[in-house]
Amino acid sequence: MLTKLRTLASLYRDLGLRWSAFRLAYAFRLRTGLIRLRTPQYAWSDRPLKHWLKSNIPFDSDSYATWRKTNAPKFFPNVGEGSPRPDYGAQAIEEANKFLNGELKYFSHTYHQIGFPPNWHLNVMLSDSEASLPMSSEILRSRRTLASHRPDVLRENGKNKHWSQISDDSTTDIKFIWEPNRFAFVYTLVRAYAITQNEKYPQAFWQLIQDWAEHNPPNTGANWMDGQEIALRLMAWTFGFYAFIHSPSTTPENIAQFTQLVAAQAERIHANIGYAISTRSNHTISEAFGLWMVGLLFPELKNAERYFNLGKRLLEEEAAKQIFSDGSYAMYSLNYHRFILHLYIYAIQLGEFNQSLFSNHLISALSNSIIYLSHLIDPATGQMPVYGSNDGALVLPLNNCDFTDYRPLLQLGSVITTGQPMFEPGEWDEDVYWLCGIESLSQRERVSEGRVRESFPQGGTYILRNTNSRAILRCTDFTSRPSHADQLHMDLWMGDDNIAIDAGTYFYSGEGIWRNGLARTSAHNTVTVDGRDQMTLVSRFTWTNWAKGKVLKQTENLWQGEHDGYKPVCHKRTVMALEGDRWLVIDDLAADEPHHYTLHWLLNDVPFTQNKNSLHLKYEASTYKIQTGMANGEGKFSIVRADSNSTLGWCSRYYGHKEPAISLLLEAHQPVVRFWTFFGFENDKVDLVNNSLYINNRETKLPNR
């Protein structure tokens, strides 16, 4: 009881009275069934198209389809118009055909055999032991088909329950149910159709829409429980709707049913959007976007104006609240930042085509975000640190680039905010083609790089640069909910090689250590004290007792910061950029009594050799040396790779997929400790003498404690 009271007190302190009061009231409405009364279950036939339309709109299928084709608001010019399309290769065709054969790419990375049409309530997540077994696709298919008909699986997924009676928190991650229900494959079908004009793609689109409706009656089952999932589904659906509207496969009955389905889902978002607003997150933005888009593109609906006005107001307000003035994002996650920028870019362009413009403040926030991310990207690969929560979301999969490549976003964002591309021509241009038109690609003068910035204090991101390398550091005094417990974490890039890495996320709802386990401090490149996190994790996504970070000093060659997450222990980190792309990191921790201190570095999984307290990482272009030590006392040095019993030695660049990495640890048990870590090259010689490190016989004075 005392622990619960302390947790409630910390939530109140961190999130405020208004949030706490709303959540208590919402829990009451859930338990009493008031939410079920507000969003009742019903059959599609109970509310036909006529129920949703304004009184002056014809509602029989033939008349409505004719009206719709004549009066439809404008969409992106290259969607469904059959204009010449640049050659972006046949990857979209290959992926679309795989999907028609029952293989779907989950989280933009891993294919699963789910059948066609899929079982919309099937969770394909396999245990680690199953995933490691060499199974053929036929074995996997039969296994999952069997699982899809098991009564216990169907009960667990809540197929016939009201959406408010289903929990999204279990050891079986519900995101694996939601992933195919986002309909991201529609973009692939559209891209394949633009190349081939093969009618099997629009035929598949309409077959899937009808099948989904048959197995997902309104407000029933897991696919109605999250307004964000509904909004993303509507986003994909409308893209396909406009792309296939003139296809011979599109019938008046298809068009009428489609609008009916859209209207029901928009109503569900609107009825519960207060919960999304309470999250102060990307959910507010995505659900607001869904309402705005439906209101804009389906003005014939009775509630179109209400949806449009509420959605636009929230989009404006949330841009001001969630995008900091330095361009960083309030959820402290680069993947979520890309997520909301895709929605805003989509809205800005779609609004412009329909003479519905957004404010200059919103455009400025978008521009600042693009500038911020341009400082973090490796332009040669498109890679960024896997910083903060990474749930695999990619809401505009309109190109052949890898999920980890941010160039499509920045190219599109740069064209929209400056009129000029950021990168040379490449496959990352396809997004520009779809959303801006082919003429935008003819302007090949690249935008000037502008002033190089090192500090983004609101988002807690700092960059220290060397000749051909850079360190990216995390340190902030949180003003909104933290994503990961990662104060003083550091990524290190040597050229295009990400040497010291962020572990990513892997699962939100896994078993044991994999219950959002990579969000914890021990997975990051920092120091833990007595095995604790820097903050208190009270649920999968909620931290309390937020650690306060403070930057003490930043110059051209030195960065220094601290945080108070281990009171009464103080942790201070100093990062020094040395000559010739060498780096030195000093971690000082001090207390009156002995504590167990663990310095952790997560390194990319490349061939390596170990020598006492150092590693040689063998990349193609170079061999890097990482050496650690202590200025006082004796420490225990160890290496862990892919530990089956812990989160050590793992990283996850794609949701639901983990791969080996190298955890380097140095541990000590004493009141005061000074760890040092050197990053350099294979033949560098490093020695500690008194308060100086001698690197290749050149003295480097350590900073004062």
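The values are calculated or read from the model by the stated rules, or taken from the named source; none is laboratory data. Keep in mind it's a predicted model, so treat the numbers as computed, not measured. Cβ placement follows ideal geometry from the backbone for every residue including glycine, while neighbour counts extend to all protein chains displayed.
Structure notes:
- Qualifying positions in region 187-235 - of a type in the set (A, V, I, L, M, F, W, C), surrounded by 21 or more Cβ atoms within 10 Å (Cβ to Cβ) and more than 18 Å from Ile255 (Cβ to Cβ): Ala192, Ala194, Ala222, Trp224, Met225, Ile230, Ala231, Leu232, Met235
- Qualifying residues in region 639-672 (those that are touching a Phe, Trp or Tyr at 6+ places or on another chain (Cβ under 8 Å) and hydroxyl-bearing (Ser, Thr, Tyr)) - the one surrounded by the most Cβ atoms within 10 Å (Cβ to Cβ): Tyr655
- Where helices (runs of 4 or more DSSP H) fall entirely within region 292-380, those with at least 2 residues that are within 24 Å of Asn71 (Cβ to Cβ) are at 304-322, 334-353.
- Just one of the listed residues (Ser522, Ser539) is polar (S, T, N, Q), more than 15 Å from Asp588 (Cα to Cα) and in a loop (DSSP other than H, G, I, E, B), and it is Ser539.
- Enumeration of residues in region 49-66 that are among the aromatic types (Phe, Trp, Tyr) and not in a loop (DSSP other than H, G, I, E, B): Trp52, Tyr64
- Of all residues in region 139-150, one or more are part of a helix (DSSP H, G or I), among the basic types (Lys, Arg), modelled with pLDDT under 90 and surrounded by 17 or more Cβ atoms within 10 Å (Cβ to Cβ).
- Close pairs (9 angstrom Cβ cut-off, 6 or more residues apart or separate chains): more than 27 Å from His596 (Cβ to Cβ) in region 666-691, surrounded by 15 or more Cβ atoms within 10 Å (Cβ to Cβ) and hydroxyl-bearing (Ser, Thr, Tyr) anywhere: Gly680/Tyr624; Phe681/Thr623; Phe681/Tyr624; Glu682/Thr623; Glu682/Tyr624; Asn683/Thr623
- For region 467-509, the set of residues classified as buried (at least 21 other Cβ atoms within 10 Å of the Cβ), of a type in the set (Gly, Ala, Ser) and in a loop (DSSP other than H, G, I, E, B) consists of Ser483, Ala485, Ala503, listed by residue number.
- First in region 266-285 and more than 21 Å from Gly33 (Cα to Cα), second anywhere and in a helix (DSSP H, G or I) and among the charged types (D, E, K, R), Cβ under 7 Å, 6 or more apart: Thr284/Glu318; Ile285/Glu318
- Matching residues in region 473-493 - criterion: being within 22 Å of Gly649 (Cα to Cα) and modelled with pLDDT of 95 or more: Leu473, Arg474, His484, Ala485, Asp486, Gln487, Leu488, His489, Met490, Asp491, Leu492, Trp493
- Looking across region 80-118, the residues that are among the β-branched types (Val, Ile, Thr) and either without any contact (Cβ under 8 Å) to a residue 60 or more places away in the chain or more than 20 Å from Trp428 (Cβ to Cβ) (or both) come down to Thr110, Ile114.
- In region 547-569 there is no residue that is part of a loop (DSSP other than H, G, I, E, B), under 30 Å from Glu179 (Cα atoms) and assigned by TED's automatic domain parsing to the domain that holds Glu659.
- Checklist (1) within 30 Å of Phe176 (Cα to Cα); (2) surrounded by 17 or more Cβ atoms within 10 Å (Cβ to Cβ); (3) out of contact with any helix residue (DSSP H, G or I) (no Cβ under 7 Å at 6 or more places or on another chain); (4) of a type in the set (Gly, Ala, Ser) applied to Gly512, failing item: (2)
- Taken over region 554-597, the residue count meeting the criterion of being without any contact (Cβ under 8 Å) to a residue 12 or more places away in the chain and basic (Lys, Arg) is 1.
- Any hit, region 455-469, residues being under 28 Å from Ser622 (Cβ atoms), modelled with pLDDT of 95 or more and of a type in the set (D, E, K, R): yes
Condition check ((1) modelled with pLDDT of 95 or more; (2) among the charged types (D, E, K, R)) across all residues:
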site	(1), (2)
Val186	yes, no
Val190	yes, no
Gln197	no, no
Lys200	yes, yes
Phe205	yes, no
Ile209	yes, no
Asn216	yes, no
Asp226	yes, yes
Leu232	yes, no
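- Of all the criteria given as (1) crowded, with 20+ Cβ neighbours inside 10 Å; (2) touching a Leu at 6+ places or on another chain (Cβ under 9 Å); (3) within 26 Å of Ser480 (Cβ to Cβ), the one not satisfied by Asp587 is (3).
- The residues in region 195-223 that are part of a helix (DSSP H, G or I) and either within 18 Å of Gln257 (Cβ to Cβ) or out of contact with any helix residue (DSSP H, G or I) (no Cβ under 8 Å at 6 or more places or on another chain) (or both) can be counted, and the count is 15.
- Some residue of region 55-73 being exposed (fewer than 12 other Cβ atoms within 10 Å of the Cβ) and more than 26 Å from Gln203 (Cα to Cα): yes
- Of the residues making up region 464-506, those that are among the hydrophobic types (A, V, I, L, M, F, W, C), within 21 Å of His657 (Cα to Cα) and touching a Pro at 6+ places or on another chain (Cβ under 8 Å) number 1.
- Only listed residue being assigned to a strand (DSSP E or B) and either free of Cβ contacts under 8 Å to residues at least 12 places away in the same chain or outside the structural domain of Met384 (by TED's automatic domain parsing) (or both), chosen from Leu615, Leu648: Leu615
- Per-region count, region 331-365, residues under 24 Å from Arg481 (Cβ atoms) and either among the aromatic types (Phe, Trp, Tyr) or touching a His at 6+ places or on another chain (Cβ under 9 Å) (or both): 6
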